[in-house]
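Q: First the structure, then my questions, so here it is.
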Amino acid sequence: MAQTLKKQYIDVRDSSDYYNKFYKSQNGLKPIVLNYLFRNIAFVTNQDKIRALTNLDYENITENTKIPVKLIHKYVSCFLIDLLRFRLFIQKNPHILNSKKQNQKVRIYLHKFYRIAPVFDYKRARENTRILKLKLDQLFFWPQIMTQIAIIIFITDLRDKNLSQKIIQTNIRALCDCSAYAFHRTRNKIGLTSKYIKNLLKLKGSE
């Protein structure tokens, strides 16, 4: 059945037709879908388990991105499968988290997470990786690799002036399989307290 985009009179017979008309490659679609997901819909349960999205969730995404639900389902499903596979890999190889080459592992898995979910500024995140290492060395405090990556993504997103809607923290923790305790303990340890973040957001809002 032909579909009509709002305020546009272009017939779109199926998702492939939509894709060919509005995007040159799939690389243009994935970030749009996942960015909306990460910033508006928590894809974890209260027990920090990855959950499947509901029909209402998919309708929400398609209504706000104007992308057909068939394509949204494709990208979200691929993302969730990749995430669960990576979690399984870590569970079967726990020695990775205790590697002596922490700095190298943080860079490697930061890039891996960006490939799975390109929802943050990767170049800025690389620089924040360097800054975080200096801070942790000063404190003689070295949290687990995945906790460090969660903090790096959080800081990168928090300070991104181009994005007013921030990533939901539980989604960041879910992406990195980082516990709430480890995440907030590290955040507070390096000075990213709730008061500091609130003041930072106020400052950004007045710019």
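The values are calculated or read from the model by the stated rules, or taken from the named source; none is laboratory data. Note that the structure is predicted; figures quoted are calculated from it, not measured. Cβ coordinates were reconstructed from backbone atoms using ideal geometry, including for glycine residues, and neighbour counts include every protein chain displayed.
Q: Is there any pair linking a residue in the range 154-171 that is of a type in the set (S, T, N, Q) to one that is surrounded by fewer than 20 Cβ atoms within 10 Å (Cβ to Cβ) and modelled with pLDDT under 85, with Cβ under 8 Å and at least six apart or on different chains, and which?
A: Listed pairs, sorted by first residue: THR170/ASP48.
Q: Give the range 35-49 a look and list any residue that's touching a helix residue (DSSP H, G or I) at 6+ places or on another chain (Cβ under 6 Å) and buried (at least 17 other Cβ atoms within 10 Å of the Cβ), or say none.
A: Result: TYR36, PHE38, ILE41.
Q: Which residue pairs have Cβ atoms closer than 8 Å, lie 6 or more positions apart in sequence or on different chains, and pair a first residue in the range 102-119 that is assigned by TED's automatic domain parsing to the domain that holds ILE167 and free of Cβ contacts under 8 Å to residues at least 24 places away in the same chain with a second residue that is polar (S, T, N, Q) and part of a helix (DSSP H, G or I)?
A: ARG107/THR129
Q: Next question. Only one of these is closer than 18 Å to ALA182 by Cα, exposed (fewer than 13 other Cβ atoms within 10 Å of the Cβ) and not assigned by TED's automatic domain parsing to the domain that holds ILE50: LEU134, LEU139. Name it.
A: LEU139
Q: When you scan the range 110-133, do you find a residue that is in contact with an Asp or Glu (Cβ under 7 Å, 6 or more places away or on another chain), closer than 17 Å to THR186 by Cα and of a type in the set (A, V, I, L, M), even just one?
A: Checked the range 110-133: no residue is in contact with an Asp or Glu (Cβ under 7 Å, 6 or more places away or on another chain), closer than 17 Å to THR186 by Cα and of a type in the set (A, V, I, L, M).
Q: For ASN98, state whether it is assigned by TED's automatic domain parsing to the domain that holds CYS178, more than 16 Å from the chain's Cα centre (by Cα) and surrounded by fewer than 11 Cβ atoms within 10 Å (Cβ to Cβ).
A: Criteria met by ASN98.
Q: Specify the residue that is farthest from the chain's Cα centre (by Cα); the eligible residues are those in the range 50-88 that are outside any helix (DSSP H, G or I) and buried (at least 17 other Cβ atoms within 10 Å of the Cβ).
A: Within the range 50-88, the match that is farthest from the chain's Cα centre (by Cα) is PRO68.
Q: Let me ask another. SER164: modelled with pLDDT of 90 or more, among the hydroxyl-bearing types (Ser, Thr, Tyr), within 17 Å of the chain's Cα centre (by Cα) and over 20 Å from LYS101 (Cβ atoms), yes or no?
A: So SER164 does not fit the description; no.
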